[in-house]
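Data first, discussion second: the structure below is written as structure tokens.
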Amino acid sequence: MTTEEIRNNVEKALEEIRPFLQSDGGDIKLVDIENDTLVKVQLEGACVGCSVNQMTLKSGVEMTIKKHVPQIEKVISVED
């Protein structure tokens, strides 16, 4: 998979999970993809201060991204 295909598939994965985050007043954006294996995202809105955002990141976001791009090893949340 090319770097561009990886980025497109990660974006598709985020589009799949975005409605769930938005229903709780939050959102997510792709910040960067390093070495085609590490995805950096930024949680926004209500997700920023949510006590379960790390669980959402791991069990929701990371799982969905890995479903679309199996070579992704890790998804981390970064701040502005």
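The values are calculated or read from the model by the stated rules, or taken from the named source; none is laboratory data. Predicted model, so just to flag it, every value in this text is computed and none were measured. Heads up, the Cβs are rebuilt from the backbone with ideal geometry, glycines too, and the neighbour counts pull from every protein chain shown. Keep in mind that these areas ignore ligands, DNA and RNA; they rest on the heavy atoms of the full protein, side chains included. Shrake-Rupley method; radii C 1.70, N 1.55, O 1.52, S 1.80 Å.
Quick notes on this structure:
- With contacts taken as Cα pairs under 8 Å at a separation of at least 6 residues, the chain carries a relative contact order of 34 percent.
- Heavy-atom accessible surface of the stretch 28-80: percent carbon and sulfur, 1.4 Å: 52 percent
- Magnitude of the charge dipole for the chain, about its Cα centre and with charges confined to Cβ atoms of Lys, Arg (+1) and Asp, Glu (-1), is about 260 debye.
- The C-alpha atoms of the chain define a longest principal axis, and helix 3-23 lies at about 20 degrees to it.
- For the chain, the per residue solvent-accessible surface stands at 59 Å², with DNA, RNA and ligands left out and a 1.4 Å probe.
- Here's how it looks for residue 28: its modeled amide H is under 5 Å from those of 44, which are all 5 or more places away or on a different chain.
- Whole-angstrom gap from the stretch 6-49 to the stretch 56-79, using each part's C-alpha centre: 9 Å
- With semi-axes defined as the square roots of five times the eigenvalues of the C-alpha gyration tensor, the equivalent ellipsoid of the chain measures 21, 12, 11 Å, largest first.
- Considering only beta bridges that DSSP places wholly inside the chain, some 65 percent are antiparallel.
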